[in-house]
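Note sheet for the following structure.
None of the figures in this text is laboratory data; all of them are computed from the coordinates on show. This one's a predicted model, so the numbers in the text were calculated from it and none came from an experiment. Here Cβ is always computed from backbone atoms with ideal geometry, including for glycine, and neighbour counts include all displayed protein chains.
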Amino acid sequence: MQANIQSLLEQAQQMCETRGARFTITRKKVLELMLKHGGAISAYDLLDKLKETDTAAKPPTVYRALDFLLEQHFIHRVESQNAFIACNDFSDTHQLQLFICEKCQEVQEIHSPQIQQSLNDQARLNDFQIKTQTVEARGLCHHCRVD
Ligand SMILES: [Zn+2]
Ligand SMILES: [Zn+2]
């Protein structure tokens, strides 16, 4: 797990270099905290964690870092929880749907091209231009049903 986080951080670093984006220490730290956390996390919980190593951190510090990470597609917004998750595959700008467990709050990221295709088809039929879209399903994960 730890090795995986390290390799994801290195991957992010390389992608930023290729894109000419500045992967500052704070931005990297925020992504690292999110990868270590695993599930969805709010900006304020992130701020608390960040303060453990950076006592000067303020809400704008976290929000700016989150904006950057969203722009780079390293993280996703979980609209219904007002929280964020680290992406499990930021090698690409993929479409996204989320399964959110109501019991353990785990968020699973899925990438269904069929769901995307249906939305695009409906948008065309209704002469609607989609800018952003959120597909989130709530329920119980495998783990919480077995327990
Ligand atoms: Zn993703
Ligand atoms: Zn669960």
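Before moving on, here are some points about what is shown:
- DSSP H segments from the chain that extend 24 Å or more along their own axis, Cα-based, with Kyte-Doolittle mean of -1.0 or above: 2-19
- At an R0 of 22 angstrom, the distance between the Cβ atoms of Gln13 and His94 translates into a FRET efficiency of 0.60.
- Pairwise Lys count, the chain - Cα closer than 17 Å, eight or more residues apart or different chains: 10
- Take the Cβ atoms of Arg22 and Ser80, set R0 to 35 Å, and the FRET efficiency comes out at 0.65.
- Pairwise centroid distance, computed over Cα atoms, of segment 20-49 with segment 100-132, Å: 25 Å
- For Ala40, the amide hydrogen comes within under 5 Å of the amide hydrogens of Val107, counting only partners 5 or more places away or on other chains and with H modelled in the peptide plane.
- Calculated [θ] (222 nm, deg cm²/dmol) that DSSP helices of n ≥ 4 give over the chain, each run adding -39,500 (n - 2.57): -15000 deg cm²/dmol
- Extension gain from Ile130 to Gln108, taking 0.36 nm per residue of separation minus the Cα-Cα distance: 5.6 nm
- Ranked by how many other beta carbons lie within 10 Å on average, peptides 25-31, 36-42 from highest: 25-31, 36-42
- Under 5 Å from the amide H of Glu136 lie the amide H atoms of Leu98, each residue being 5 or more positions distant or on a separate chain, with H modelled from the backbone and absent for Pro and chain starts.
- Once the gyration tensor of the Cα atoms in the chain is diagonalised, the equivalent ellipsoid follows with semi-axes of 27, 20, 15 Å, ordered largest first.
- Most simply put, the chain has about 70% antiparallel DSSP beta bridges, counting only bridges with both residues inside it.
- Rounded to the nearest 20, the Cβ-based charge dipole of segment 2-86 about its Cα centre (Lys and Arg +1, Asp and Glu -1) stands at 160 debye.
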